[in-house]
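Shown next, in structure tokens, is the structure this report addresses.
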Amino acid sequence: MTTVTLIPGDGIGPEITEAVKAIFAAAEVPITWEEENAGQTTFDAKGELIPQSLIDSLERNRIALKGPITTPVGKGFKSINVQLRQKFDLYSNVRPAKTTAGVKTRFENVDLVLFRENTEGLYSGLEMYDERLGISDSVARVTVEGCHKIVRAAFQYAATHKRPKVTVAHKANILKSAGRLILEAAANVSKEFPEVQWDEKIIDNMCMQLVSKPEQFEVIVTTNLFGDILSDLCAGLVGGLGVVSGANIGDDMAIFEAVHGSAPDIAGQGLANPTALLRSGLMMLQHMGLHEHADRIENALEITLLDKSCCTRDLGGTASTSEFAQHIISNL
Ligand code: NAI
């Protein structure tokens, strides 16, 4: 049994977390949950957004599954997600996007994985506002080391998973130095992976290519802000935020999380779709080497998705969150 930190989060987080726990228990996944929360609920109860007990649990277990977290709006609150990623150097944000039978989308045969640098760029927190002049500066700090780490993660993934090509998305025609760093990193790292081809696309063209011919892409790697935007675009290609998974991976820690937010508009009503968190949990099982458990649950999920009446409202069905989970369990 491996102990995994479980962060239920806010809003719909606890409902979809319960669904995932029930499915993992039914599939006899050999893990024990250590539950520690963060976010608005924790702030209201304890006056802190990220309790020390959560940090201790993450440092002990080095692996976590996380529900969506509400970051209180207002001055002085830094995004909890960004804080966790930076504190534990979870530099690689990995977001697969794959079309699944039963999930409505205009595209077919999309099967790509996006690698977004997770700690640098415009998320470095280097912002200045001069009230007198009315000027705001946001520094997009990109480092040689950071570019090499994320590019190496993408090439390593392509080599391990027999993906023939990595595409680097950038804006080197305008961002002369930051854009150059990621391209130079790709040129250097590619020498370690002769079996993987690579090419590059300017970010605006990349968006156009993705929405017109997404099946041409295998593995995409890019800097933080471009990756943030592209990952939602890619989610849209395969059915939306409710069905895609995500992972924040560092050298010795990983936090797996649904890409969507805490959905306060539907929280507590049994309407939330647990697929995104479930698939993030399955990425976690693959990462832990529990491939058979992960494949068995993914198969059960895919069978369930084929029958609309078993699915939640966002997928065109009428089932509640827990009913959807029960259908997946019966299909195991
Ligand atoms: P959101 O993703 O929570 O909701 C957008 C829309 O999608 C809503 O209509 C919601 O009902 C629907 N939706 C989202 N997930 C769903 C699911 N699993 N099943 C069915 N419908 C679903 O985005 P929003 O409203 O912009 O953000 C709400 C809060 O979440 C904010 O406080 C934001 O900071 C936070 N957030 C947290 C994230 C995280 O923890 N990773 C990521 C994005 C936002």
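In this structure, is Ile266 open to solvent by 20 Å² or more (accessible area, probe 1.4 Å), over 21 Å from Lys165 (Cβ atoms), among the hydrophobic types (A, V, I, L, M, F, W, C) and assigned by the TED database to the domain that holds Glu323? Against the criterion (open to solvent by 20 Å² or more (accessible area, probe 1.4 Å), over 21 Å from Lys165 (Cβ atoms), among the hydrophobic types (A, V, I, L, M, F, W, C) and assigned by the TED database to the domain that holds Glu323), Ile266 qualifies.
Name the residues in the range 17-59 that are open to solvent by less than 40 Å² (accessible area, probe 1.4 Å) and among the hydroxyl-bearing types (Ser, Thr, Tyr), would you? Answer for the range 17-59, where residues must be open to solvent by less than 40 Å² (accessible area, probe 1.4 Å) and among the hydroxyl-bearing types (Ser, Thr, Tyr): Thr17, Thr42, Ser57. Comparison of Ile50, Ile31, Ile12 shows that the only residue that is out of contact with any Asp or Glu (no Cβ under 8 Å at 6 or more places or on another chain) and away from the ligand (no atom under 15 Å from the Cβ) is Ile31. Summed over the range 158-179, the residues that are buried (at least 19 other Cβ atoms within 10 Å of the Cβ) and modelled with pLDDT under 95 give a count of 2. The set of residues in the range 295-315 being open to solvent by 60 Å² or more (accessible area, probe 1.4 Å) and within 13 Å of the ligand (Cβ to nearest atom) consists of Arg313, Asp314. When the range 246-263 is filtered for residues that are open to solvent by less than 30 Å² (accessible area, probe 1.4 Å) and closer than 19 Å to Arg62 by Cβ, the ones remaining, listed by number, are Gly246, Ala247, Asn248, Gly250, Met253, Ala254, Ile255, Phe256, Glu257. Being under 19 Å from Asp232 (Cβ atoms) and of a type in the set (Asp, Glu) is the requirement here; does Glu117 meet it? Answer is yes for this residue.
Residue by residue, here is whether (1) open to solvent by 40 Å² or more (accessible area, probe 1.4 Å); (2) touching a Ser or Thr at 6+ places or on another chain (Cβ under 6 Å) holds:
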site	(1), (2)
Asn61	no, yes
Val73	yes, no
Leu84	no, no
Tyr91	no, yes
Lys98	yes, no
Ala101	yes, no
Glu127	yes, yes
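The set of residues in the range 185-204 that are over 12 Å from Ala169 (Cβ atoms), in a helix (DSSP H, G or I) and out of contact with any His (no Cβ under 9 Å at 6 or more places or on another chain) comprises Ala187, Ser190.
Just one of the listed residues (Ala272, Ala325, Ala267, Ala319) is over 24 Å from Ile80 (Cβ atoms), within 14 Å of the ligand (Cβ to nearest atom), at pLDDT 95 or above and not in a helix (DSSP H, G or I), namely Ala319. You will find that of Ala247, Ala258, the residue that is within 10 Å of the ligand (Cβ to nearest atom), closer than 13 Å to Leu65 by Cβ and within 14 Å of the chain's Cα centre (by Cα) is Ala258 and no other. So how many residues does the range 205-223 have that are of a type outside the set (A, V, I, L, M, F, W, C), crowded, with 16+ Cβ neighbours inside 10 Å and either assigned to a helix (DSSP H, G or I) or in contact with a Gly (Cβ under 6 Å, 6 or more places away or on another chain) (or both)? Total meeting the criteria: 2.
Just wondering, is there one or more residues in the range 231-238 that are within 15 Å of the chain's Cα centre (by Cα), open to solvent by 40 Å² or more (accessible area, probe 1.4 Å), within 11 Å of the ligand (Cβ to nearest atom) and free of Cβ contacts under 8 Å to residues at least 60 places away in the same chain? Yes, the range 231-238 contains at least one residue that is within 15 Å of the chain's Cα centre (by Cα), open to solvent by 40 Å² or more (accessible area, probe 1.4 Å), within 11 Å of the ligand (Cβ to nearest atom) and free of Cβ contacts under 8 Å to residues at least 60 places away in the same chain.
The values are calculated or read from the model by the stated rules, or taken from the named source; none is laboratory data. All figures in this text were calculated on a predicted structure; none of them were measured in a lab. Note that each Cβ is placed from the backbone with ideal geometry, even for glycine, and that neighbours are counted across all protein chains shown. Heads up: the accessible areas ignore ligands, DNA and RNA and are worked out on the full protein's heavy atoms, side chains in. Shrake-Rupley method; radii C 1.70, N 1.55, O 1.52, S 1.80 Å.
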